[in-house]
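The values are calculated or read from the model by the stated rules, or taken from the named source; none is laboratory data. Quick caveat, the model's predicted, so the values are computed rather than measured. Every residue, glycine among them, receives a Cβ derived from its backbone with ideal geometry; neighbour counts consider all protein chains shown.
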Ligand SMILES: Nc1ncnc2c1ncn2[C@@H]1O[C@H](COP(=O)(O)OP(=O)(O)O)[C@@H](O)[C@H]1O
Ligand SMILES: [Mg+2]
């Protein structure tokens, strides 16, 4: 048995002054399905649906409803074809009752003649689809969720069998959203075609049967929900620019650089600093560590760089047991450290840039023998300063005279010049201005794209979400959870950071 095609839009193009909102868009929606229209803000979703509902006229393209070509002159024509849309901003009349609003604009019912009958029909619709509304209530008395239910009842009352909802969950609580999805499923099961506009991938996975992705006004793909996933949807939605690195980084077979197994370590006060830490950092990924400072971040980095001894567990680098090895061995294995305290642990304030670079070279193969070879390091420092755009008066002046941003760039340059396999970066942009922040972030991303693993400790959730491939949250020395930046919200991370892991999205608002 074939699927009954309720909506077919072919080659739809719509231009507004200065912007092509829809370009050659194709969409096909079947009876009995919930079809998500997914895209970022400005992708052209609302425009496409406004065309389908007769609000706008397409410059080009054709629309077929239930197999028949249509040419809507106004929303009235679309309504007559069975199309009903619930807009982002409801169009209800506050002082009127639910029942009055439901029949408003309806040509078939005269309210004053059929009041009892209308109320009864509304109650039947409410019951059938799980849309609790009181026909006699005034709109202004209702919550936003209830008003949305009135809008849905209204288009069902008109007998619409093609229902369009524009970002319906934007105004709903999580519970109301779940109830809405149940209602939508009932509508689809009764043979209607349901189109839901959204920019949230999780929603698509939660409620849709199929999804059409729009990007920059174009229809990119139509997929079965069961045959796709968040990563693919994100990639289709955003395009390749950001996502190429992203998909590349989430390598199909992650190659672990370092593995921590069941680690425990004490903090400086001799109290438990890390408890039962299990984690792995892979080549070509940034592992973001979110958390309020003082929840084990420092201890974690020091364990990973060999600076802090552990009281339990194992540290594996490339599968080899490094437990108990001195920091020197970690450095030799390509583990690099960009510490929180740049002038202190990172760089020696009274030494020059050249001498600071030199410090990290004494173990190099090219530096055998009693005396360090100064000239090549001098040359290398000059190259670094140039490549990383470090501003300093002279590479021979004490580094304590440099600004924070330039210090950080020099430090990163020195660490990166050792071709590290893993960079543990602790609050790498703290105290930097916007320009320096951006360059430090792109340096880290470039390292990741070149195949290094990066451990990024940060308190800035935007930074974590923007840069990370995976995110863990530390709380009181434990890993509270791991999140993908594609799913994680600041709200969820925020909860984990305070030690709460059983909350519902939206609970805080
Ligand atoms: N009435 C309009 N006049 C001018 N430009 C518009 C109008 N409606 C939408 N646009 C533009 O068309 C593009 C697509 O918008 P829209 O369809 O609202 O996207 P979405 O619903 O996916 O966020 C945007 O660039 C938007 O600014
Ligand atoms: Mg929109």
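Overview of results
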quantity	calculated
Total residues in region 328-364, condition free of Cβ contacts under 8 Å to residues at least 60 places away in the same chain, touching a helix residue (DSSP H, G or I) at 6+ places or on another chain (Cβ under 9 Å) and outside any loop (DSSP other than H, G, I, E, B)	8
Among residues of region 36-56, those that are touching a residue at least 40 places away in the same chain (Cβ under 8 Å) and in contact with a helix residue (DSSP H, G or I) (Cβ under 9 Å, 6 or more places away or on another chain), counted	9
Residue list for region 266-286, filter: crowded, with 22+ Cβ neighbours inside 10 Å and either free of Cβ contacts under 8 Å to residues at least 60 places away in the same chain or under 20 Å from the mean Cα position of the chain (by Cα) (or both)	285, 286
Qualifying residue in region 167-176 (condition: more than 16 Å from ligand 2 (Cβ to nearest atom) and surrounded by 22 or more Cβ atoms within 10 Å (Cβ to Cβ))	no
Residues (surrounded by fewer than 18 Cβ atoms within 10 Å (Cβ to Cβ), closer than 14 Å to residue 187 by Cα and within 35 Å of the chain's Cα centre (by Cα)) located in region 110-155	130
Conditions (1) modelled with pLDDT of 95 or more; (2) within 16 Å of ligand 2 (Cβ to nearest atom); (3) closer than 22 Å to residue 148 by Cβ: number failed by residue 14	(3)
Residue pairs meeting the criteria (Cβ under 7 Å; at least 6 apart or on separate chains; first in the same structural domain as residue 86 (by TED's automatic domain parsing), in region 158-174; second part of a loop (DSSP other than H, G, I, E, B) and within 13 Å of ligand 1 (Cβ to nearest atom))	164/53; 166/87; 166/88; 167/88; 170/88
Pick from region 39-71, criterion in a helix (DSSP H, G or I) and closer than 16 Å to residue 16 by Cα, ranking: farthest from ligand 2 (Cβ to nearest atom)	51
Sole exception among (1) closer than 29 Å to residue 290 by Cβ; (2) outside any loop (DSSP other than H, G, I, E, B); (3) modelled with pLDDT of 85 or more for residue 385, by number	(1)
Criterion: farther than 17 Å from residue 298 by Cβ and either part of a loop (DSSP other than H, G, I, E, B) or free of Cβ contacts under 8 Å to residues at least 24 places away in the same chain (or both) - qualifying residue of 436, 413, 488	488
Residue 190 vs. criteria surrounded by fewer than 23 Cβ atoms within 10 Å (Cβ to Cβ) and within 20 Å of residue 104 (Cα to Cα)	no
Residue within region 296-306 that is in a helix (DSSP H, G or I) and either over 21 Å from residue 257 (Cβ atoms) or out of contact with any strand residue (DSSP E or B) (no Cβ under 9 Å at 6 or more places or on another chain) (or both) present	no
Criterion (touching a helix residue (DSSP H, G or I) at 6+ places or on another chain (Cβ under 9 Å) and at pLDDT 95 or above) met by exactly one of 94, 82, 32	32
Residue list for region 149-169, filter: within 16 Å of ligand 1 (Cβ to nearest atom) and at positive phi	167
Enumeration of residues in region 152-181 that are touching a helix residue (DSSP H, G or I) at 6+ places or on another chain (Cβ under 7 Å), outside any helix (DSSP H, G or I) and at pLDDT 90 or above	158, 163, 164, 166
